[in-house]
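So the structure is just underneath, and the comments pick up after that.
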Amino acid sequence: TDGGRSWRNVSPPGAEVLEFRDVEAFDARRAVVLAIGEGEASRVLRTEDGGATWTESFRNTDPRAFYDCMTFFDHRNGLAMSDPVDGKYRILSTRDGGRSWRVLPDAGMPDALPGEAGFAASGQCLVSAGPRDVWLATGGAATARVLHSADRGLTWTVTASPIPAGDPARGVFGLAFRDRAHGIAVGGDYRKDQPSPRAAAVTSDAGRTWRASAAPPPAYRSGVAWLPYGRTSALAVGPTGTDLTTDGGRTWRTVDTGSYDTVDCTPDGSCWASGEQGRIARLGLR
């Protein structure tokens, strides 16, 4: 709570056996966290006292489900997504800030491709913008796709992206939308010995069409965030560095070589990144 100068451990009891991959915080006291994994390893916990105490509000009991990401439209309405169950992505919904959850009907969800799934890498495979729009990123199949819903997850459309696919390690890993029309997708191949050309793409029509970046990041990137000032600047992060765009995602240049998995920016102008072995960084602007 002091701008990153000091930190204290507020992990829920038993956190050592869980893998937290997504944090959605509303203020200094209220937050919801998602633990990922097969079956009961997928859980949602929430706090109302800055992490002093936690309440488990969802535990997955379906061994076929594996929850990857979570997003909130406001402090009450949110969604979480699971890899396909019975051939379709499973969407979990809350209307009370994460206190209770229900599985949404899948009648409006397109069929998943063979081998398709989400990547629980950065907490950005499910993102929202505005009060109703949400996007879901996929990989692992013949085509890396982005799904879009304009009604909080009830019905979806799907579009192919130009980001490389065709392997379980390739696809779209992170999305960021600055409004309901303009978005950036990043990804590639997360294996260290594999190249990741065309690792970024942009849309200006809410995801109906995607264009490959003319000068993409030079390697796999798992996280992306729009800078809070201006309308054309964003950051992308990955194990080999951080890249900056100032033209809405069309071209990128590397600005740091540190290893990070995810990045987020706040309305007050701060940008934060986190990575392996507890690495945390705050962006300094000169």
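Coordinate-derived values only; no laboratory data. Bear in mind that the values here come from a model prediction, so they are computed numbers and not experimental data. Every residue, glycine among them, receives a Cβ derived from its backbone with ideal geometry; neighbour counts consider all protein chains shown.
From the residues Trp7, Gln124, Cys265, which one has its Cα farthest along the dipole of the chain in the positive direction, the dipole being from +1 and -1 charges on Cβ of Lys/Arg and Asp/Glu about the Cα centre?
Result: Cys265, furthest along the dipole toward the positive end.
Using a cut-off of 10 Å between beta-carbons, work out the net charge of the residues near Trp156 (Lys and Arg +1, Asp and Glu -1, Trp156 not included). The partial results should precede the final answer.
Values: positive: Lys88; negative: Asp106, Asp151.
Summing Lys/Arg as +1 and Asp/Glu as -1 gives -1.
For the chain, what size does the Cα cloud have along each of its three principal axes, sorted from largest down, in whole Å?
Sorted largest first, the three principal extents are 47, 45, 36 Å.
Considering only C-alpha atoms, what is the centroid distance from the range 111-127 to the range 51-105, in Å?
Distance between centres, Cα-based: 14 Å.
Between Thr254 and Arg282, what's the calculated FRET efficiency when r is the beta-carbon distance and R0 is 25 Å? Round to 0.05. Intermediate results must be reported in sequence, preceding the final value.
Numbers: r = 19 Å, r/R0 = 0.75.
So the FRET efficiency works out to roughly 0.85.
Over what distance in Å are the Cα centres of the range 217-286 and the range 5-49 separated?
With the range 217-286 and the range 5-49 each reduced to a Cα centre, they are spaced 23 Å.
First select every other residue whose beta carbon is under 9 angstrom from the beta carbon of Glu56; then total the charges, Lys and Arg +1, Asp and Glu -1.
On the way: positive: Arg43, Arg46, Arg59; negative: none.
After counting each charged neighbour, the total is +3.
How large is the charge dipole for the range 6-83, taken about the Cα centre, if only the Cβ atoms of Lys, Arg (+1) and Asp, Glu (-1) carry charge, to the nearest 20 debye? Walk me through the numbers on the way to the answer.
Details: 9 positive and 14 negative charges, 45 e Å.
The dipole of the range 6-83 has a size of about 220 debye.
Applying a 10 Å radius around every beta-carbon, put 225-237, 243-255 in order of their mean neighbour count, most first. Don't jump to the answer; show the numbers that get you there.
Numbers: 225-237: 20.0, 243-255: 18.3.
In descending order of packing, they fall as 225-237, 243-255.
Stick to the Cα atoms of the range 210-286, pair each with every other, and give me the Kirkwood hydrodynamic radius in Å at one decimal. Intermediate values should be presented prior to the final figure.
Details: mean 1/r = 0.0802 Å⁻¹.
When all Cα pairs of the range 210-286 are included, the Kirkwood radius is 12.5 Å.
In nanometres, what is the gap between the two model label sites at Arg8 and Thr53, each 7 Å from Cα along Cα-to-Cβ?
Label at Arg8, label at Thr53, 1.6 nm between them.
Tell me which trypsin sites (Lys or Arg not before Pro) from the range 52-88 have a DSSP coil assignment and no more than 15 other beta carbons within 10 Å of their own. Walk me through the numbers before you get to the answer.
Details: sites: Arg59, Arg64, Arg76, Lys88; in loops: Arg64, Arg76.
Qualifying residues, ordered by number: Arg64, Arg76.
Restricting things to alpha carbons, tell me how big the range 127-182 is in terms of Rg and Dmax, in Å.
11.6, 34
Figure the gain on full extension for Asp179 and Val103 (residue separation times 0.36 nm, minus the Cα-Cα span) and round it to one decimal in nm. Can you show the working numbers first?
On the way: separation 76, 0.36 × 76 = 27.36 nm, distance 2.64 nm.
Once the chain is fully extended between Asp179 and Val103, it gains 24.7 nm.
Taking the Cα-to-Cβ direction at Thr209 and at Thr246 and moving 7 Å from each Cα, how far apart do the two end points lie in nm?
The two pseudo-label positions are separated by 2.8 nm.
If the only charges are +1 at each Lys and Arg Cβ and -1 at each Asp and Glu Cβ, what is the size of the charge dipole of the chain around the Cα centre, to the nearest 20 debye?
Working: 33 positive and 34 negative charges, 123 e Å.
About 600 debye.
Run the dipole for the range 113-282 about the Cα centre, Lys and Arg Cβ at +1, Asp and Glu Cβ at -1, nothing else charged, and hand back the magnitude in debye, nearest 20. The partial results should precede the final answer.
Numbers: 17 positive and 15 negative charges, 51 e Å.
Using only the charged Cβ atoms, the result is roughly 240 debye.
Of all alpha-carbon pairs in the range 154-279, indicate the percentage at a distance above 20 angstrom. List each step's numbers first, then the result.
Details: 2982 of 7875 pairs.
Of the Cα pairs, 38 percent sit more than 20 Å apart.
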